[in-house]
Every structure is written in structure tokens, then in C-alpha cells.
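To keep things clear, I will list the structure first and then write my remarks on it.
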Amino acid sequence: MPAIPTDAVRVADVAARIGGSVRGDAGRLVSGVASLASATISDLSYFSGNRRGIQPDKTSAGVVLCQSKHQDALPSGAVLILVPNPQSAFVDVLEWLFPRSEPTKCIDPCAHIHPTADLADDVTVGAHVVIGAGCRIASGVRIGPGCILGENISIGSDTELIARVTVMNHCEIGARCVIQPGAVIGSDGFGLINEQGRWRRVPQLGRVVIGDDVDIGANTTIDRGALDDTRIDNGAKLDNLIQVAHNVEIGAHSAIAGCAGLAGSSVVGKYCTLGGGVGLAGHLTLVDGVHITGMSMVTRSIRQPGVYSAGTPLDTNDNWHKNAARFKQLERIAHRVQALETGLNALRKNDEENL
Amino acid sequence: MPAIPTDAVRVADVAARIGGSVRGDAGRLVSGVASLASATISDLSYFSGNRRGIQPDKTSAGVVLCQSKHQDALPSGAVLILVPNPQSAFVDVLEWLFPRSEPTKCIDPCAHIHPTADLADDVTVGAHVVIGAGCRIASGVRIGPGCILGENISIGSDTELIARVTVMNHCEIGARCVIQPGAVIGSDGFGLINEQGRWRRVPQLGRVVIGDDVDIGANTTIDRGALDDTRIDNGAKLDNLIQVAHNVEIGAHSAIAGCAGLAGSSVVGKYCTLGGGVGLAGHLTLVDGVHITGMSMVTRSIRQPGVYSAGTPLDTNDNWHKNAARFKQLERIAHRVQALETGLNALRKNDEENL
Amino acid sequence: MPAIPTDAVRVADVAARIGGSVRGDAGRLVSGVASLASATISDLSYFSGNRRGIQPDKTSAGVVLCQSKHQDALPSGAVLILVPNPQSAFVDVLEWLFPRSEPTKCIDPCAHIHPTADLADDVTVGAHVVIGAGCRIASGVRIGPGCILGENISIGSDTELIARVTVMNHCEIGARCVIQPGAVIGSDGFGLINEQGRWRRVPQLGRVVIGDDVDIGANTTIDRGALDDTRIDNGAKLDNLIQVAHNVEIGAHSAIAGCAGLAGSSVVGKYCTLGGGVGLAGHLTLVDGVHITGMSMVTRSIRQPGVYSAGTPLDTNDNWHKNAARFKQLERIAHRVQALETGLNALRKNDEENL
């Protein structure tokens, strides 16, 4: 559905761009891109081979990227561009036809920039932005409207703070990161000690240190460390509304889906994934290559890579009520099963002796 | 407790307004409104018939809206106004006595409005607002302080963005919507493909399209679609801190409570309700009239209307530890029960043969 | 790791400050503070006695606060300062060596302050702030950049709104509170009544009333009451991304971890703790001293102090699938166990009669 902002392109040009071979009319024009389900005759789409919720033979797409082995799955009227990895090739096409808007490289006159902040020449700063003393903003950075940066913050080249992002004092953000609206980086951690029933705040003196190519979702919050730093390593991707507590460490190239919560000092290895709503208790470690499915609660360290889950399956409310009540009897049921086994064995023995 | 901002009103006037009949002194004055529990002699309250946590006979309310059949449940000293639907009638009274403040219909001088944005004459725009190129803002819209609107956004008549709402490029919002502070509409979806262990962003080209009479809660995030749009239909109501991922569709008149998370491409039908903290996995469909109780995880499509649940009941930590440990043995316990049944049947058969 | 902003200090001066006795070189200089794990020879650290994830004998810290009874757990090369409560003493040291930055006590010229707002002389107001009509801001309050305050709000002395906090009309905040970025206080509650399948908004006329010494985390949302007020009492501490619905009451000195959700009219007693991701259904009461572990769903009132839990333990995805499927058969399994018990007893009786 999204229309190509420049002119329509010919199939031959798309194929040349991504190194694909055309089956059908290479002169057909493509004026938009769309999913298989909603594409029309003028759209380019792709088929990854994954049929979940997709009926490739029913698509009205005019042009489809696919693997050679899947060409018969698509309607005979569609022009096909055969490539080894249709999904990657499709992203190549999207980046080519829908380039990100050029930054203005202007400083909005109503931005408040402290005189000691050091901004590269080509930084873009939107309206109502605040940049504090001692900040160091590298080349190509875009700071959207409403962002607030405290003091002594460093931001690496080409990173984009979309809008209304808050970054507190002393935090570091690497290069080529994208931070969505409403994210808060460097808020005080929930550091409290209990003195005679009253909570006393522990000063939070660490920083948040974010590597390169990290994405942070909308309204996600990342607390600064208490003493050591909270760390998010290169290539990690965080979705929306995630809570990252003080002194958490997230390894390189790990991805965390929305609404997850990582309690203080939890450590996530490299190449991990946490599903939506996953919760990590504090002071635990996940080794590299751990995958936790959605809404699971993790209360202990995980020492082996693999896929882990928790939770109970959805049921009708009536059935669920009955089964959930039995959950509270599980220990007793297990003991009853054991008693039955003992009783049955005794009877068996009796029977054998009586024979 | 809230005091009527204008003068006190007489019971007779309230009854006339809502078409109710008075039992008691129609000349009594009402100067405030309150719940049954906290109302005083000068307050108007209501009794819906629902006794959960309410002791209607203990109220000190001077005036109570109720159904005729419940009049004996209330203290004899209270003036009653009898109506068929006390809750609706009470809302009628609230809207009458506590009208929303009149918009100023002014543009704050420090708002940044792009010259190509098209605002109706009577739009209200607060301080520190940014409105981008090509936006179309209809009559009666109120844009509160600190809101940021990207480019080419359209907002329907009488919609209110309370404060500090962010709406990104190309999104559409219908008429008479109310969007609470901190909400983010049109952030980039969590669209990633994995190439040799590294995550690569997929350009997010779809929009968010919101119908009429939709409410969006504080700090709720709604991602734009990847190719097709994310859609929230007429009359849908979303509470606070909800995550709506790319290409989700929420049907008309569905309501979603706080902290829920809807993963990518999940589809919620019409007249559905999702309780607080509910999680929907991606690429699934709920038909119309599905109700999910709080904190349930939904991993498959639901094809029948009804009430569905998941989760385990709260218990003392000691008991829970024992029962939760048994959860991991459930498969084994089921097999042991089956073995017991086989063993018992064999013994029975033996016994019968021996008799 | 954090370096002391002023000069290095001598061990003797630290010990004198906190009333500790020195074991080792009282003249050693301390130039930073750090956790045991990351401290170097020039750092001050502490050992609370809790060994979770900590190897005290491996620390490189030059100076360690500890209890007398733990002195042998630490390396012989470390200078020790012996105190009865090392954690509290360490916080004393942090507050002394890392004092909060002095407020500027300036009003930023681009803040919008309504002429009827009443600000004490020494209030600090950051850039792009909006303060509405009739607000009352007490002595020493700091309102960071991007904060938006509606009308008739009162804020007690020395409270700090860090940045981009939104407070809506008529809310009250006590003294010495700290509110992190992105928090929303006083958004409209999710008050809806259903009229023939359509949702109708109920005007939300109550306030949020927050006591003294309360902390509110980043992007946490607190809805105003419907009629009565939403209340958070003295000394309560709320972490990030928490949803507090209308008419919730949170008792004094209770602490709530991130991602928790409290549905409408739920009441939390004093000295309670809710773990991360805990959900409270509406219209329930927790007495004083109730502790709920992480991600538990609470659907009924709790009348006894203690620790409560819900949920299922994490397992490998393969095992979990099998056990979770059995959860839906629990009622049937319980009946089968009962049938087995009846059958076994009958057999036993037979056997006894036959003997």
C-alpha cells in the first residue's frame, strides 16, 4: 500500500538492484509495496516461504520476490523476482525506494543548548529541545523535538532520538542508535534500603552506557546504575514499554520484546531473545543464546542455551477455574499418587503371596 | 466530594433533568457528588444495585439515585431519585454539573506550527507544541501543551490530545477521541530480520489509523504498521501503559485494560475486552465478543465468543513453592496415574478370576 | 567507580564521619566508591554480609565498610572500617561525598507560568515548563525541563520533578518527593459504562493526592479518582512503568516494583511490597505487611500479613509444553486419583475378606 515517493520503477530495475532473476514481464511497473494479503496489481510484495496466516496463491500482487523453489506457490499472473533470501531482498528494496528523510542539519532557534555543549556541525536539533552543559554530540546525530538531555552526555555519530526522549546526566549512547519517543534513559534506579520500616534512597551514581546500533522503543525506561553502570551492548534491540533496572547488562545482539521487565543487576547474554512481558528477577544471569517465550517469569540463572517457558495455557473461564483450584492441591495430589502406588504394590505383593 | 463548580442545585431540578421521580424532600440542596461510601448529607450519590464492597444502608449521602426496587436498601433519611438506570443517570448529572472547561481556541505563541499545516479556526494549541508540515487539524480540536505532531497527520473534529502526546508522520486520528498524556502514536514497529546473528531494521512504512470516539491512555504506545496500517476502530477504549505493536487491529467498541501487550499483527474483534496485563502473541485472531481475564497469555486464535482465562491462583509463598515444583512433574504424575489405573485394573481382573 | 567530585578523602575522615573504627592504615586515601566486584585499590566499598553473587575475599577494594564479625571474610590487604550497619553507613558516605547538585533557584525565561500561580522565592523551574493557573509551589521545589503542570496543583517543599513530568489539574503532591521523567499524575481514569454495547466515558472528578517522601518512577502513570481521590501515602515508593488506576490507595511506606498494575479501587496497606509485574484486580484490599512476589496475579483481598506468590516455574520449552497441557486436565486427574483411591480401597476390603 505505501506508494513509492519517487516515480514508479520497472521490475527489471528492481531485479538488477537486488541481483534477482525475473520470471514474467520485466517491464511491468511497480508503484507501491505491500504485504501479500493486501497488495494490488501495481504493488511489489514478497513471499518468505512462511505460510503462517498467508495464502500465497491468493495474492493480487503484481510482482513478488520469492525463492526459486516457491515459484509455483504464487499465482501464474504475478511477475516473480527470484532471489535466495526474499525477506532480505525486500528490505534492500524498501531502503532503496523509501530512503529516510534527509535531516535538516539545523538547530531550531527555540532549542536550549548550553554554551559548553559540543555539537558537531551537521547535528539536527528540533524545537523545544534542551541540551545540558558538557554534552558531546557527534556528527550526523538527529535530536527530535522535545528531547531533554542532561549534562555531560555523549551521543555517537548518526544516532537518532526521534522525539521527546529524556537522557539524564553522564549517560553514553553509541553510534547509529534509534531511540523512539518517550524513552527515558538514566532515570534513578529503585535503590532503597529499609531503616526501621522506612525506605531510604540510595544515591544512584552509575551511568547508562549504550553501545552502537542499539534500538530503544517508545516509553521504555532504562535506569542508571547504582555504583557500576547499566549496560546495553552493540546491536541490542529493545521494544516499547520495557523496564530495565539499575545495573542490568544486556549482551550484544539480544532482542527484547515489549512490556518485558528486567530487575536490578540481571545479566542477559549475547544473542538472547526475551518475549513480550517476560520478567527477570534480579541478580541472575542468562548465558548467551537463551530464548525465553512470552510472559515467562525467570527467577534463577540459566546456564544452558535453549528455549525456556513458563505459564499456563488459556482455557475457557469455567474450565480454568476448576483446574486453577487444583493447582493449589498439586502437592497433595502428588502425595496421594505416591500413597496409591505404595498401596497398589502392597496389594500386588499380597496377591502374589496368596497365589 | 467534588463540589459543584456553579451553585448548589435542588433535588427537583436534578430529577427533572434525568426524568426521575423523587422520594423525599424535593427541595433539598445538593452541593457535591460522591460515592456512597464517602458522601455526606450535601452530596448526590447513586446505587447501581451492585453491592460489591458497598453497604448502601450505611451511606450518609443526602440524595441517592437508585432503581425503585432498591429504595429499601438505602437509609430512610436519604432523599431518593428513582430512575431505571442509576449509573447512566448519574453520568448524565455529572456531565451537566461538571462540564468540561471551555477551550481557549487560542494558539499559544510559542507553539511551532509549520506554515503548510491546515488548522481549523477554532483549534486550541497549547505551549511548546510542535505541528509539522501538511497536518490537517479539524474544528474543535484541542492540542494540549507539549504535544508533538509530525508531518501529514490528520485529526478529526473535537478530538483532544491532553498534553505531551506524540503522533508521528502520516497517522490519522478520528473525531471525538481523547488521548491522555505521554501516549505515543506511530512509533516505529519492532520490525527486525536476523542476518547472520545481527538484527537488521525493516523500514516501517505503514501508519496508525484511529477511528472516532477512541480513547488512548497515558503512556500507551501504538506502533505504526510495517507495510499495512495498525488500526484501532470506532469506539475502542485503551487504558494506560498498553503496548500495541505494528499491524495490530482492534475492533470497534472493544476495551483494553492497563499494561496489556498486543504483539505484531494480532487482531481483536469487536465488543471484546482484555483485562489488565493480558498478552496476545502475534499473528492471532480473536473473534467478536471475546473476553480475556487479567494477566492471561493468549498464544492461539480464539474462534468462539466467551470468557477465557489463564494463570495460577495466589497462595502463601510456602504452599506455592511446593505446588509450583509439582507443576514441573505434571506430565510424570499423569503417566503415574495412568499406570496406577492399568495396575489396579489388572489386580481387579486377577481378583475376579481368583474368586 | 564513580569518582568523588571533590578531593580524595582519608579513611580516618570517613570513619569519623560515620562513627566506625578502622582496621589498617587510617591514612589511606579514597578517591571513588564502587561495588565489591568492581572496586579498585583507590575505592571505598561495603560488605553487607549478603553473599548473593558476591565473593568478598576476591575484592580489590582498598577500603571496605563491614561489620566486625565479617572482617575475616575480606582480603587482609583491605583497610576495613567496622560499623554496625555497613549498608546504611555506606549511604551516609555517599550522601556526604556526592551531594545532589545545588538548584539554580532560577525560573527559565521560556517557562510558561500563569500569573495566578504562586511560587515560593527559591523555586527552580527549567526550560519549556508550563505551570497553570492557581498552582501553589512551595519552597525549594525543583521543576525540571519539559514538565507540564495543569491548574490548581499544589506541590510541597523540596519536592523534585526531574524532567518531563505531567501533573493534571487539582492534584496534590507532598514534600520531599522525587518524581522521575515521563511520569503522568492525574490522567483520567479508565471509567466507562456500557450502554447498548457502546462505551460511555464517566467524568473523572477526583484528584491524585500524594503524601510526603514519596518516589514515583519513570513513565509511571497514576490516574485521578472518579469521585473520591487516588491516594499514595507518606513514604511510599513506586518504581518505573507502574499503572495506578483510579481510586487506588497505597499505604504509607509500601514499595512497588516496576511494571506492576493496580486496578481501580484496589487498596494496599502500609509496609507492603509488590514485586515487579504484580497485578492487583480491582476492588480488593491488602492489609498491612503483605508481600507479593513478582508477576503474581492477585484477584482477592488478603486479610493476613505474609508472603504470597503465584505463577509457574520456568522450564525448558519442551518440558513446559507437556506439563502445561496437563494443567488443563488437572480437574480430571484429581477425579481419577479419587477414583483410584476408591478402587484400591474396594480391592483391599475384598482382599481382607478373602483372607
inquiry  = Less than 26 Å apart at the alpha-carbon level, and either on another chain or at least 8 residues along: which lysines does that give for B:Lys349?
reply    = A:Lys349, C:Lys349
query = Taking chain A as a Gaussian network, Cα atoms linked when under 10 Å apart, which of A:Thr124, A:Thr220, A:Thr316 shows the biggest mean-square fluctuation?
reply = A:Thr316
request  = Could you list which residues have their amide H under 5 Å from that of B:Leu192, counting only those 5 or more apart in sequence or on another chain, with H placed in the peptide plane?
outcome  = B:Val202
remark   = The size of the Cβ-based charge dipole (Lys, Arg +1; Asp, Glu -1) of chain C about the Cα centre, to the nearest 20 debye, is 860
task = Kindly write out, for region C:105-119 in residue order, the coupling ³J(HN,Hα) from the Karplus curve 6.51 cos²θ - 1.76 cosθ + 1.60 (θ = phi - 60°), rounded to whole Hz, with x marking Gly and Pro.
result = 6, 10, 9, 4, x, 9, 6, 9, 10, 5, x, 8, 6, 10, 10
inquiry  = Which one, C:Gly140, C:Val91, C:Ser254, projects farthest toward the positive side of the charge dipole computed for chain C from Cβ point charges (K/R +1, D/E -1)?
reply    = C:Ser254
remark   = Scoring chain C by relative contact order with C-alpha pairs under 8 Å, at least six apart, yields a percentage of 6
key: Euclidean distance of C-alpha centroids, region C:70-92 and region A:10-40, integer Å   = 70
key: region C:9-97: antiparallel DSSP beta bridges as a percent of all, rounded to 5   = 35
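Pull out a ≥ b ≥ c, the square roots of the eigenvalues of the alpha-carbon gyration tensor of region B:165-308, then state rounded if a/c is under 1.5, prolate if not and a/b is larger than b/c, and oblate in the remaining case.
Numbers: a/c = 1.70, a/b = 1.15, b/c = 1.48.
Because a/c hits 1.5 or more and a/b fails to exceed b/c, region B:165-308 counts as oblate.
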task = Step through the residues of region B:238-254 one at a time and calculate ³J(HN,Hα) from phi using the Karplus curve (6.51 cos²θ - 1.76 cosθ + 1.60, θ = phi - 60°), rounding each to whole Hz and writing x for Gly and Pro.
result = 10, 7, 6, 6, 9, 9, 10, 7, 5, 6, 5, 10, 10, x, 4, 6, 8
remark   = Cα-based Rg then Dmax for the protein assembly as shown, in Å, read 31.2, 103
note = Sorted by chain and number, the residues with a modelled amide H under 5 Å from that of B:Arg136, at a separation of 5 or more or across chains, are B:Asp118, B:Ile153, B:Ser154, B:Ile155
task = Go through region C:31-42 residue by residue and turn each phi into a ³J(HN,Hα) via Karplus (6.51, -1.76, 1.60, θ = phi - 60°); whole Hz please, and just put x for glycine and proline.
result = 10, x, 10, 6, 5, 3, 5, 10, 5, 10, 4, 9
query = With charges only on Cβ, +1 for K and R and -1 for D and E, what is the dipole size of the protein assembly as shown about its Cα centre, in debye, rounded to 20?
reply = 2180
query = Cα to Cα, under 12 Å, and not fewer than 8 places away if on the same chain: which aspartates and glutamates meet these conditions relative to B:Lys270?
reply = B:Asp233, B:Glu249, B:Asp288
message = Going by amide H atoms built from the backbone, whose H comes under 5 Å of the H on A:Thr273, apart from near neighbours?
response = A:Ala255, A:Val290, A:His291, A:Ile292
task = In nm to one decimal, list the spacings between the A:Pro103 label point and its equivalents in the other copies, with label points set 7 Å along Cα to Cβ, shortest first.
result = 3.5, 3.5
query = Hey, got the dipole for region A:103-165? About the Cα centre, +1 on K and R Cβ, -1 on D and E Cβ, debye to the nearest 20?
reply = 140
query = Can you list, shortest first and in nm, the gaps between the label point of B:Gly306 and those of its counterparts in the other copies, using a point 7 Å from Cα in the C-beta direction?
reply = 3.4, 3.4
query = Looking only at B:Phe327, B:Phe98, B:Phe190, which one moves most when chain B is put into a Gaussian network model with springs between Cα atoms under 10 Å?
reply = B:Phe327
query = Summing -39500 (n - 2.57) over the DSSP H runs of n ≥ 4 in chain B and dividing by its residue number, what mean residue ellipticity at 222 nm do you reach, to the nearest 500 deg cm²/dmol?
reply = -5000 deg cm²/dmol
task = Sequence neighbours fewer than 8 away in the same chain don't count; with that in mind, list the lysines whose C-alpha is under 27 Å from C:Lys328.
result = A:Lys322, A:Lys328, B:Lys322, B:Lys328
key: Mean separation of Cα contacts under 8 Å, 6 or more apart, over the residue count of region B:227-355: relative contact order %   = 14
Of the trypsin sites (Lys or Arg not before Pro) in region C:45-112, those whose Cβ has at most 12 other Cβ within 10 Å and which sit in DSSP loop = C:Arg51, C:Arg52, C:Arg100
Region A:9-97 - percent relative contact order, Cα under 8 Å, separation 6 or more = 28
message = Can you tell me which of C:Ile193, C:Ile302, C:Ile41 moves the most in a GNM of chain C? Springs connect C-alpha atoms under 10 Å apart.
response = C:Ile41
key: Percent of alpha-carbon pairs separated by more than 31 Å within chain C   = 56
task = Find every distance from the label point of A:Asn319 to the corresponding label point in the other copies (7 Å from Cα along Cα→Cβ) and write them in nm, one decimal, shortest first.
result = 2.5, 2.5
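Every number here is computed from the coordinates shown, using simple stated rules; none is lab data. Every value quoted in this text rests on a predicted model; they were computed, and no experiment measured them. Ideal geometry is used to build each Cβ from the backbone, glycine not excepted, and the neighbour counts take in all protein chains shown.
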